[in-house]
Amino acid sequence: MVGLSFMAACVHAQELVIESWRKDDQIFWDKVLIPAFQRKHPGIRLKFAPEEALSYDPRLDARLSTRRAGDLVFCRPFDGGMRLHAKGYLQPLTETQLQNFDHNARRAWTSDDGKTTYCMPVAYVIHGVLYNKQIFKDLQLVPPDTVAEWMALLQKVSDAGKVTPLALGTADMWETNQVIFTGLGPNFWEGEKSRLALIQGRKKFTDPEFIKAWRMMGQLKPYMHPQQSEMSNSDIQILFATGLAAVYPTGSWDIDFLRNTSFAYKKKIDMGVFKPPVETAGQRCHLSVHPDFGIGINKSTKHPEAAKLFVDWLGSAEFAQLLTDTLSGFFSLSKHKVMVNDPLSQEMLDWRKSCDDTIRLNAEKLNRVWPSLEEELWYVNVKVINEEMSAEQAAEHIQRIHEKNAYLRK
């Protein structure tokens, strides 16, 4: 009897902590995803422990290095996750665990030699521009197809003087790169064609297609909120969700959070979405379809078998559908067939039928340099948007960093 009680206590003592940068998703993990797993495995408790996205990477690295990190960790795609793997922090996954994920789904969390996948692929997101349908109706606006039409639309909203035309802030900096430059830019540089050419050393950031993207960014400041330089991403989300801005460049990951924020503030918003505008009418569109996060097992977990059970569940058809239903705008990377029931998410998913996929420009291999190309892009993109640096100066600065990349020197 004592032995059985001891065994039961051991089972119930298993609490897995999940490290994440997705604070916006806390309620969905707590109310839906975690209870679904625990119904299958009642002896395992899960705690979703997110923190601020900008603090996540250095703090996670510090905890992993001192064996204080959670049992399971959200993994950045490509170079971000690769750094954790290179330091030996993550448990390699087996082919059995990965059987429901094809090569392309695994790529963002697989070593350069293709031999090791160290995080379970979970979800990808799609970049786009959300807009307030009521504001568009009041001002007789239609979603733009080209950059010229988009600029004309922003000017019309500005002339009306009722709301902020463009929901965008520069206090957190990252949006200027991950949302504006690498989210709207692919139509200027033909997506994968130029991204791969940069990796292969056949293109430079000083080439005309990249300078055009920076020039577009240099036109945005007049349409942003007067206090935009002090506004965080959270401030901008609230600005848009409460009906005080017409257009919000972002991605599918924001859909549910904006709806819930709108509800919390009792400011119901009817959102629409349009593709990143192209340079010229009829041009082939290029869409940032980005692998957003994977989840890996901390090699130092005290509960390796329980962690394995959770990762196995992440690869199931049940989780793929739950993810799709619970986190609108996060699309499963698995091969399971899922139903997308959210109209906005489905509309964005349908864009892939007419546009070519790419990923964020510097995510793969291009960040393997010091100073980090990611951080330098944040710096120059804020400068460009705030009209403190020209497109040409930004291009020259980034190209100088890019030429130091160890991967290119191999």
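So that you can scan it fast, the table gives a plain yes or no per residue for (1) over 21 Å from the mean Cα position of the chain (by Cα); (2) closer than 11 Å to Trp214 by Cβ; (3) crowded, with 18+ Cβ neighbours inside 10 Å:
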| position | (1), (2), (3) |
| --- | --- |
| Ile359 | no, no, yes |
| Leu366 | no, no, yes |
| Trp378 | no, no, yes |
| Glu387 | yes, no, no |
| Ala394 | yes, yes, yes |
| Arg400 | yes, no, no |
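Of the residues Trp351, Trp313, which single one is in a helix (DSSP H, G or I) and either among the basic types (Lys, Arg) or farther than 23 Å from Asp71 by Cα (or both)? Criteria check complete, one pass: Trp351. Ser390 - would you say it is outside the structural domain of Asp207 (by TED's automatic domain parsing) and not basic (Lys, Arg)? Against the criterion (outside the structural domain of Asp207 (by TED's automatic domain parsing) and not basic (Lys, Arg)), Ser390 does not qualify. For segment 202-256, a residue qualifies if it is part of a loop (DSSP other than H, G, I, E, B) and among the charged types (D, E, K, R), and the qualifying residues are Arg202, Lys203, Lys204, Asp207. Looking at Ala148, is it part of a helix (DSSP H, G or I) and either more than 24 Å from Leu16 (Cβ to Cβ) or basic (Lys, Arg) (or both)? For Ala148, the condition - part of a helix (DSSP H, G or I) and either more than 24 Å from Leu16 (Cβ to Cβ) or basic (Lys, Arg) (or both) - is met.
Residue under question is Val311, and the condition is that it be among the aliphatic types (A, V, I, L, M), modelled with pLDDT of 95 or more, assigned by TED's automatic domain parsing to the domain that holds Gln99 and within 30 Å of Trp189 (Cβ to Cβ); does it hold?
On the way: among the aliphatic types (A, V, I, L, M): yes; modelled with pLDDT of 95 or more: yes; assigned by TED's automatic domain parsing to the domain that holds Gln99: yes; within 30 Å of Trp189 (Cβ to Cβ): no.
No, not satisfied.
Taking the condition under 27 Å from Asp172 (Cα atoms) and buried (at least 21 other Cβ atoms within 10 Å of the Cβ), does Pro58 pass? No, not satisfied. Criterion first (surrounded by fewer than 19 Cβ atoms within 10 Å (Cβ to Cβ) and of a type outside the set (Ser, Thr, Tyr)) does Leu327 satisfy it? Against the criterion (surrounded by fewer than 19 Cβ atoms within 10 Å (Cβ to Cβ) and of a type outside the set (Ser, Thr, Tyr)), Leu327 does not qualify. Taking interchain pairs and intrachain pairs at least six residues apart, which have beta carbon atoms under 8 angstrom, with the first residue in segment 242-264 and in contact (Cβ under 8 Å) with a residue 12 or more places away in the chain and buried (at least 22 other Cβ atoms within 10 Å of the Cβ) and the second acidic (Asp, Glu) and in a strand (DSSP E or B)? Within 8 Å, the pairs are Trp253/Asp292.
From Gly294, Gly251, Gly272, which residue is modelled with pLDDT of 95 or more, more than 28 Å from Phe210 (Cβ to Cβ) and under 16 Å from the mean Cα position of the chain (by Cα)?
Details: Gly251 fails: more than 28 Å from Phe210 (Cβ to Cβ); Gly272 fails: under 16 Å from the mean Cα position of the chain (by Cα).
Result of the check over Gly294, Gly251, Gly272: Gly294.
When segment 12-34 is limited to residues that are within 22 Å of Ala264 (Cα to Cα) and charged (D, E, K, R), the one that is surrounded by the most Cβ atoms within 10 Å (Cβ to Cβ) turns out to be Arg22.
Among all positions in segment 92-108, there is at least one residue which is more than 22 Å from Ala320 (Cβ to Cβ), surrounded by fewer than 19 Cβ atoms within 10 Å (Cβ to Cβ) and not aromatic (Phe, Trp, Tyr).
The values are calculated or read from the model by the stated rules, or taken from the named source; none is laboratory data. If you're wondering where the values come from, they're calculated on a predicted model, not measured in any experiment. Here Cβ is always computed from backbone atoms with ideal geometry, including for glycine, and neighbour counts include all displayed protein chains.
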